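Have a look at the structure below, then the notes.
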Amino acid sequence: MWMGGGVLAALFSFFLFHSLYAGGDLFVPHEYAPFEEQRAYWQHLIEKEGAENALTAFSVRVGSLSLNTQHQLAHSFGAALFQAEGIGGIFICDARYSFGCFHQFLGDAIQALGIERVPDLNTRCFDASSVSPISCTHGIGHGVLASLGYDDIALQKGLEICKGLPGTEPIGGCYGGIFMEYNVRTMLAEQATVREYEGNVYAPCDSLAAEFVQGCIYWQPQWWLVTVLDGVSSEKAYAKMGSYCREFAKTPELLRACFEGLGNIVEDEAEYEPLQARRLCDAAGAGTLSSVYCRSVGANHFGIDGGEDQAVLVCEDLQGDKRAYCMAYAKNEIGLAPELREL
């Protein structure tokens, strides 16, 4: 009896996973085990079975876990990969698990090799044919800021380093890694603490040079949700964040970036329910074009993580050009590049 390619792939992964884990000297850490225990385990497996086989085993291990947990564990795999393979391991990481492998791999590489190696790492990102360069250069941003520190001087210096790299774009790549790390400090692992709210919801975006503001405001909603609006119900939080976007944005480009930033986090906040994602974006955008920006980026994430069937549900009640625009994102025909077609 013939079995489809997807079934065969699943069976291959199952048997590989169990063969790799069968040895008595191996112990699979619990998903909540400390970071160093996770890293040591994956490093052992990489050195014993090879990086590609270890990544296959990792994908089986985390396949049934939440996206947040997958991302956190991918950090430990990235750390293990750098320890085992050095800089050549960059070609093993991919865009899955919200780029967690890249985040930690490049962060550790920069801390080990020095800021002066950043241009070389950037070149390697663009040479890695199997991934989007933006996924990789985003990790560079995380590593740069983690190496420099988390104050405003380090932020400015990190942004200037990103600015000097070929291929830098304003939102998702190196700049995005800088702002995400500044806000939520993922490279600190168990010691991570979110940037403290000190009364200004727009800091640091309102004090940056104009060329950096678009990227800053895109990543700001992620911080708003876990600080300023911590404990607020999802729909009320999204309505409030929509008002923050409208109050801050002085140009259509900034308004769009801010609402796309809301879309960037809506999949998780909606607990992976497409219809709830629609409601949250509409609560923020109040039925305006802004809600389409939010929905579209959210649909793109649903498509990457859950498949096109889930993604199109975020868009299906829209009409005309708005529907076509959102569906293009749902089908991953338009990414997060800044040159997006207008409605």
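The requirement of being out of contact with any Asp or Glu (no Cβ under 8 Å at 6 or more places or on another chain), closer than 22 Å to Gly172 by Cβ and surrounded by fewer than 20 Cβ atoms within 10 Å (Cβ to Cβ) is fulfilled somewhere in the range 103-115, by at least one residue.
Could you list all residues from the range 135-156 that are aliphatic (A, V, I, L, M) and under 20 Å from Ser207 (Cα atoms)? Full working, then the answer.
Quick first cut of the range 135-156, residues aliphatic (A, V, I, L, M) only: 140, 144-146, 148, 153-155.
Leu145, Leu148, Ile153, Ala154, Leu155 - these are the residues of the range 135-156 that are aliphatic (A, V, I, L, M) and under 20 Å from Ser207 (Cα atoms).
Can you give me the number of residues within the range 272-289 that are more than 16 Å from Ala311 (Cβ to Cβ) and modelled with pLDDT under 95? Of the residues in the range 272-289, 5 are more than 16 Å from Ala311 (Cβ to Cβ) and modelled with pLDDT under 95.
Taking residues in the range 155-178 that are without any contact (Cβ under 8 Å) to a residue 60 or more places away in the chain and basic (Lys, Arg), and partners anywhere that are outside any loop (DSSP other than H, G, I, E, B) and surrounded by fewer than 24 Cβ atoms within 10 Å (Cβ to Cβ), the pairs with Cβ atoms closer than 7 Å and at least 6 places apart or on different chains are Lys157/Leu148.
Every residue in the range 267-283 that is outside any helix (DSSP H, G or I) and under 16 Å from the mean Cα position of the chain (by Cα), please. First the steps, then the outcome.
Pass one, the range 267-283, residues outside any helix (DSSP H, G or I): 270-273.
Selection gives Tyr272 alone.
Going through the range 318-331 one residue at a time, which ones are more than 25 Å from the chain's Cα centre (by Cα), surrounded by fewer than 18 Cβ atoms within 10 Å (Cβ to Cβ) and not in a helix (DSSP H, G or I)? Matches in the range 318-331: Gln319 only.
When you scan the range 127-147, do you find a residue that is under 12 Å from the mean Cα position of the chain (by Cα), of a type in the set (Gly, Ala, Ser), surrounded by fewer than 19 Cβ atoms within 10 Å (Cβ to Cβ) and modelled with pLDDT under 95, even just one? Looking through the range 127-147, none of the residues is under 12 Å from the mean Cα position of the chain (by Cα), of a type in the set (Gly, Ala, Ser), surrounded by fewer than 19 Cβ atoms within 10 Å (Cβ to Cβ) and modelled with pLDDT under 95.
Test Leu73 against the criterion of being in contact with an Asp or Glu (Cβ under 7 Å, 6 or more places away or on another chain), closer than 24 Å to Gln191 by Cα and at pLDDT 90 or above, and give yes or no.
For Leu73, the condition - in contact with an Asp or Glu (Cβ under 7 Å, 6 or more places away or on another chain), closer than 24 Å to Gln191 by Cα and at pLDDT 90 or above - is met.
Restricting to the range 212-255, what's the tally of residues that are within 22 Å of the chain's Cα centre (by Cα), acidic (Asp, Glu) and part of a helix (DSSP H, G or I)? Final tally of qualifying residues: 1. Considering the range 208-252, the residues that are small (Gly, Ala, Ser) and more than 21 Å from Lys157 (Cα to Cα) include one that is surrounded by the most Cβ atoms within 10 Å (Cβ to Cβ), namely Gly242.
Suppose we filter the range 284-312 for residues that are assigned to a helix (DSSP H, G or I), under 18 Å from Ala249 (Cα atoms) and out of contact with any Lys or Arg (no Cβ under 7 Å at 6 or more places or on another chain); how many remain?
6
Exactly one residue among Cys258, Cys315 is crowded, with 16+ Cβ neighbours inside 10 Å, touching a residue at least 40 places away in the same chain (Cβ under 8 Å) and either in a loop (DSSP other than H, G, I, E, B) or under 21 Å from the mean Cα position of the chain (by Cα) (or both), and that residue is Cys258. The one condition from (1) modelled with pLDDT of 95 or more; (2) assigned to a helix (DSSP H, G or I) that Glu190 does not meet is (1).
Being surrounded by 24 or more Cβ atoms within 10 Å (Cβ to Cβ) and either without any contact (Cβ under 8 Å) to a residue 12 or more places away in the chain or of a type in the set (A, V, I, L, M) (or both) narrows it down to one residue among Ala277, Ala286; which is it?
Working: Ala286 fails: surrounded by 24 or more Cβ atoms within 10 Å (Cβ to Cβ).
So the residue among Ala277, Ala286 that is surrounded by 24 or more Cβ atoms within 10 Å (Cβ to Cβ) and either without any contact (Cβ under 8 Å) to a residue 12 or more places away in the chain or of a type in the set (A, V, I, L, M) (or both) is Ala277.
The values are calculated or read from the model by the stated rules, or taken from the named source; none is laboratory data. Computed from a predicted structure; not experimentally measured. Cβ atoms come from the backbone with ideal geometry, glycine included; neighbour counts cover every protein chain shown.
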